[in-house]
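One structure is given here, and the rest of the page talks about it.
A short reminder: the numbers here are calculations on the coordinates, not readings from a lab. Since this is a predicted model, take the numbers as computed values, not measurements. Note that we place each Cβ from the backbone using ideal geometry, even for glycine, and neighbour counts take in every protein chain shown.
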Amino acid sequence: MRIVDIREIAVPLKTNMRNAAFDFSEMTTSVVAVVTDVLRAGQPVVGYAFNSTGRYACGAQMRARFIPRILKSDPATLVNDSGTNFDPAKILACMMQREKPGGHTERSIAIGTIEVACWDAVAKIEDKPLYRVLAERYTEGGTQDEVQCYVGGGWYHPDKGVEHLQDEIRHRLAEGYTTMKIKVGGATIPEDVERIEAALAMLGDGNRLAVDANGAFRRDRALAYAWSLAPFGLRWFEEPTDPLDYALLAEVADQYASPIGTGENLFSTQDIENLVRFGGLRADRDILQIDVPQSYGVVQFARTLEALQAHGWKRSSVFPHGGNQMTLHIVGGFGLGGCEAYPDVFGAFAGFADDARVDNGWLKLPDRPGIGFEAQNELYALMRQLA
């Protein structure tokens, strides 16, 4: 049993949306295929993944270091003790050889994308959906049939105002979502307050609306937004500060009683530990949004959860970033708080299986083996070019 090849292509997202920090006009993502010599129905098992969204393609690092390390290694060192399947923990350790501590973003996304593709292959070899494989490994087999799912949107579009935002929310409600997240910080505070009031007119309850500043605020603006948002009792205020400015985040948390969400732009267990140690976050209400494929993958995410538990955090407080099939399985497999969704936003990389349906804010977990990209026709057409 061995991995015979690992292939990567960079694909542009082709969108001009923007948030408070940047636009996506140049954004790309890496698509990876891990080709094995294991046969199912006469065909080699291939594991697929992509590096989520919001970070650029990272094929250069893959081709220079991580893919060669795997392909040059003794195949016997990459399988489980019984020799019946690949062992992602051993594959992660193989990729991390000769890597200096720190500097996580330079490698964590490339490594995590390959690692998640290996999990897709592992689950296909076991002929199980990935969330069940993860539940067996990490939650003593406890599985769930569905997960909570909120929809991200409310982007800034040229020449489109609150009427467009309300139309978007009306459409998402009709699709079965009950909780919405919209952008703030790309306009003035009065304009964003108007957008929030327009959204609440559609959603009804502040607990059904989250807002996202995308880490764009410095101190004065972060505190001004916190004071302006406080009366609304929102589900959470996301990334009100630079992701690494723990001191400012603690100051905002001290003055903002409602939940704060953050963590999607931190890429290691050590960074998440520093966040909960020094960021002033409250384990009884705040939300952590780790993006698993961008943070070394599933094995390291399990270690991060163990570290969080030691600091008093529950899995129900974790809502991973990335509205895609990979995140859906990770949420279901680990029993996390909920899943993000980005329908119609990032082209082929957005959303779930073509037949997925949200019902009153809940999304049923799929039964297809692996991650199930094969049920996303547009995305799978890109992936199968690699294998």
What ranking do GLU115, GLU168, GLU26, GLU194 get, fewest neighbouring Cβ atoms within 10 angstrom at the top? GLU26, GLU194, GLU168, GLU115
When the helices in the chain are scored as -39500 (n - 2.57) per DSSP H run of 4 or longer and the sum is shared across all residues, what 222 nm value do you end up with, to the nearest 500 deg cm²/dmol? -10500 deg cm²/dmol
Quick one: compute a quarter of the convex hull surface over the Cα atoms of region 147-198 and quote it in nm². 3.7
For region 3-127, the dipole about the Cα centre with charges only on Cβ (Lys and Arg +1, Asp and Glu -1), to the nearest 20 debye, works out at 420
Burial order of peptide ranges 302-315, 86-99 (average beta-carbon count within 10 Å, highest first): 86-99, 302-315
How big is D, in µm² s⁻¹, for region 1-144 by Stokes-Einstein at 4 °C and 1.567 mPa s if Rh is the Kirkwood radius over C-alpha pairs? 79
Over the chain, what is the relative contact order in percent, taking alpha-carbon pairs closer than 8 angstrom and at least six residues apart? 20
Round to the nearest 10 and give me the degree value, 0 to 90, for the angle of helix 325-334's Cα axis relative to the longest principal axis of the chain. 90
Determine, for TYR138, TYR56, the number of other Cβ atoms within 10 Å of each Cβ, and report the residues in order from fewest to most. TYR56, TYR138
Mind sorting LEU130, LEU266 by how few other Cβ atoms lie within 10 Å of their own Cβ, fewest first? LEU266, LEU130
Tell me the label only: which of [x] -0.23, -0.32, -1.16; [y] -0.22, -0.30, -1.05; [z] -0.39, -0.49, -1.01 is log10 I(q)/I(0) by the Debye sum over Cα atoms at q = 0.06, 0.07, 0.13 Å⁻¹ as calculated from this structure? [y]
Pull up the cross-link candidates among the lysines for LYS124, meaning alpha carbon to alpha carbon under 29 Å and not fewer than 8 places away within one chain. LYS72, LYS90, LYS364
On C-alpha positions alone, give me the angle between the axis of helix 219-229 and the longest principal axis of the chain, in degrees, nearest 10. 70
Toy charge model, Lys and Arg Cβ at +1, Asp and Glu Cβ at -1: region 138-383 dipole around Cα centroid in debye, rounded to 20, equals 420
Gap in Å between the Cα centre of region 206-238 and the Cα centre of region 248-308? 17
In degrees rounded to 10, the 0-90 angle between helix 269-278 Cα long axis and the longest Cα principal axis of the chain is 30
Selection from ALA224, PRO293, LEU173, by position along the positive dipole direction of the chain (Cβ): PRO293
I need to check one value: relative contact order of region 29-89, counting alpha carbon pairs closer than 8 Å and at least 6 residues apart, in percent. 25
